[in-house]
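Right, one structure below, let's go through it.
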Amino acid sequence: MSEVIFSELACKHDRKIGVIELNKPKALNALNLNMITLLHEQLILWAKNDKISFILIQGAGDKAFCAGGDVVSLYHAINGSRDTTEVLDDDAIINNPSGEFFTQEYTLDLYIHQYKKPIVAWGDGYVFGGGLGFFAGASHRITTEKTIMAMPETAIGLYPDVGASWFLNQMPNNLGLFLGITGAFFNTADAKYLGLSNFSIESAKKQTLVDDLCEIDWTIQNDISVQLNAILKNFESASVDVMPVSKIQEHESIITSLMLGNTIDSIYSAIADTNFEDKWLSTAQQKFCSASVLSILLTYKQLELSKDFSIAECFKAEKNLSYRCCQYTEFAEGVRAQLVDKDKTPKWAFDKLSDIEPDLIQWFFSKVNNT
């Protein structure tokens with residue numbers, strides 16, 4: 001069975017909906033290089049096909065749209081030819097499959113952001129990391145009462161990538177920075193508030209929605225996006241009663257106060273040292289305190305540097321930083337502890353922010369040779 005299933009749904013007057021289904025439900029539809037290649041190739045074909053009115057993207061199974069990239073495969077690619085304490089040189093990482101993965105992933109995500117036809121993404125269940133980056137570029141982003149989103153990369157020694165340098169910076173009051181450094185979970189109401197979702201629709205209404213979309217006459221000379229907006233808005237209106245409240249809006253004043261510091265040191269202390277009575281905030285704090293302090297610092301620095309970047313410039317900068325993360329040992333150690341050996345006790349390179357030398361951060365943001 002293919003890891004990605006492509007199909008076409010018939011509509012009136014020989015128009016069609018192109019359907020993409022990520023088909024690795026046991027792995028929560030995590031993206032690998034083969035899937036990314038297939039997705040990009042098919043989207044290019046459908047972009048040229050006048051019969052395809054728009055694209056629908058969904059995940060197989062009932063647990064996840066996409067829980068991220070297949071970082072376990074990256075771990076094995078990175079560690080296959082080195083001691084785990086060795087920092088790879090530039091040529092070694094350029095020729096490593098991990099470098100190819102990030103290059104192709106970001107190329108696909110940018111292509112989705114710039115796609116000329118509407119893309120409807122059904123973000124039911126887990127939408128984490130690379131899955132959120134894949135989802136974020138769609139023109140019509142649907143979340144459900146079952147949606148759980150997060151950018152949890154600091155827990156594996158990475159940083160929020162896949163365009164997060166752009167979409168986290170679009171959020172008000174440093175909420176994006178908070179989510180990026182804590183890896184906090186958030187729901188459909190949060191996603192709408194933050195601009196990551198356009199519509200909140202009940203999960204059980206999916207098939208009825210698809211059936212109704214097939215009954216629309218997409219040849220009428222109205223803008224397809226306008227027609228999509230109208231029908232999706234109707235489904236959203238019928239779904240209000242089952243939707244959760246926004247945790248981020250509920251706690252925004254607290255989060256804003258935590259993020260008032262002008263340095264990552266002051267922000268770190270504010271989050272780590274506050275006694276939270278609320279479970280959502282305390283869970284975010286726990287994630288934060290167990291994450292890599294190097295990753296937290298890289299996340300802070302990356303979001304600072306990219307504040308005025310275009311989406312294309314963000315992906316370019318992320319590609320370089322992701323190469324550096326593959327060269328260094330922190331990312332491999334994080335994946336080992338969380339997802340390979342699963343001992344949940346990563347041996348991070350640093351215990352405190354103050355232990356990290358400025359020269360090391362400068363190296364992370366220096367240009368990788370021959371890229």
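For the stretch 30-112, give the percent of accessible area contributed by carbon and sulfur heavy atoms, probe 1.4 Å, rounded to a whole number.
Details: 1740 of 3440 Å².
Using a 1.4 Å probe with all protein chains present, the stretch 30-112 comes out at 51 percent carbon and sulfur.
How large is the dipole of the chain about the Cα centre if only Lys and Arg carry +1 and Asp and Glu carry -1, each at its Cβ, rounded to the nearest 20 debye?
Computed charge dipole of the chain: roughly 620 debye.
Take the Cα atoms of the stretch 31-72, find their three principal axes, and give me the spread along each one in whole Å, biggest first.
38, 23, 11
Out of the total accessible area of the stretch 144-206 (probe 1.4 Å, heavy atoms of protein only), what percent is carbon and sulfur?
52
Which value, in debye to the nearest 20, describes the size of the charge dipole of the stretch 1-103 about its Cα centre when Lys and Arg Cβ atoms bear +1, Asp and Glu Cβ atoms bear -1, and nothing else is charged?
Dipole size: approximately 740 debye.
Rg (Å, one decimal) plus Dmax (Å, integer) for the alpha carbons of the stretch 152-194?
10.1, 28
Can you give the alpha-carbon Rg of the stretch 193-335 over 2.2 N^0.38 Å, where N counts its residues?
With N residues counted in the stretch 193-335, Rg over 2.2 N^0.38 Å equals 1.46.
Using only the Cα atoms, what convex hull volume per residue in Å³ does the stretch 1-90 have?
Given the Cα convex hull of the stretch 1-90, per-residue volume reads 123 Å³.
For a protection proxy built on the mean count of beta-carbon atoms within 10 angstrom, sort 166-178, 303-315 highest first, please. Write out the running numbers ahead of the final one.
Working: 166-178: 20.1, 303-315: 15.8.
Averaged packing, sorted descending, gives the order 166-178, 303-315.
Starting at the first residue of the stretch 224-238, write each ³J(HN,Hα) from the Karplus equation 6.51 cos²θ - 1.76 cosθ + 1.60 with θ = phi - 60°, in whole Hz, x for Gly and Pro.
Taking θ as phi minus 60°, the curve returns 4, 4, 5, 5, 4, 4, 5, 6, 5, 5, 4, 5, 5, 4, 7 Hz for the stretch 224-238.
Would you list which aspartates and glutamates come within 13 Å of residue 206, measuring only between C-alpha atoms, while excluding same-chain residues fewer than 8 positions from it?
Of all the aspartates and glutamates, those that pass the test against residue 206 - Cα under 13 Å, at least 8 places apart if same chain - are 62, 124, 145, 236.
Once every DSSP H run of n ≥ 4 in the chain is given -39500 (n - 2.57) and the sum is divided by its residues, what mean residue ellipticity at 222 nm do you get, rounded to the nearest 500 deg cm²/dmol?
After summing the helix terms and dividing by residue count, I get -13500 deg cm²/dmol.
At each listed q (0.15 Å⁻¹), what is the log10 of I(q)/I(0) that the Debye formula gives for the chain modelled as equal alpha-carbon point scatterers?
-1.35
What is the Cα radius of gyration of the stretch 119-212 over 2.2 N^0.38 Å, N being its residue count?
Against the compact-globule rule of thumb, the ratio is 1.06.
In degrees from 0 to 90, rounded to the nearest 10, what is the angle of the helix 33-47 Cα long axis to the longest principal axis of the chain?
40
How much of the accessible area of the stretch 213-371, probe 1.4 Å, is carbon plus sulfur, in whole percent?
Solvent-exposed carbon and sulfur of the stretch 213-371 make up 50 percent of the total.
Which links in 24/344; 233/307; 146/367; 279/301; 63/192 stretch past 30 Å when you go from one Cα to the other?
Cα-Cα > 30 Å for 233/307; 146/367; rest within.
Probe of 1.4 angstrom, ligands and nucleic acids ignored: what's the accessible area per residue over the chain, in square angstrom?
Per residue, the chain has 43 Å² of solvent-accessible surface.
Compute the label zone of residue 269 within the stretch 335-365: residues whose backbone N is under 18 Å from the point 7 Å along Cα-to-Cβ.
Hits in the stretch 335-365 for residue 269 at 18 Å: 351-356.
List the aspartates and glutamates whose Cα sits under 12 Å from the Cα of residue 117, skipping any in the same chain fewer than 8 residues away.
50, 223
The values are calculated or read from the model by the stated rules, or taken from the named source; none is laboratory data. Remember, predicted model here, so these are calculated numbers, not experimental data. With ideal geometry, Cβ positions are generated from the backbone for all residues, glycine too; neighbour counts draw on all protein chains shown. Accessible surface areas use protein heavy atoms only, side chains included; no ligands, DNA or RNA. Shrake-Rupley method; radii C 1.70, N 1.55, O 1.52, S 1.80 Å.
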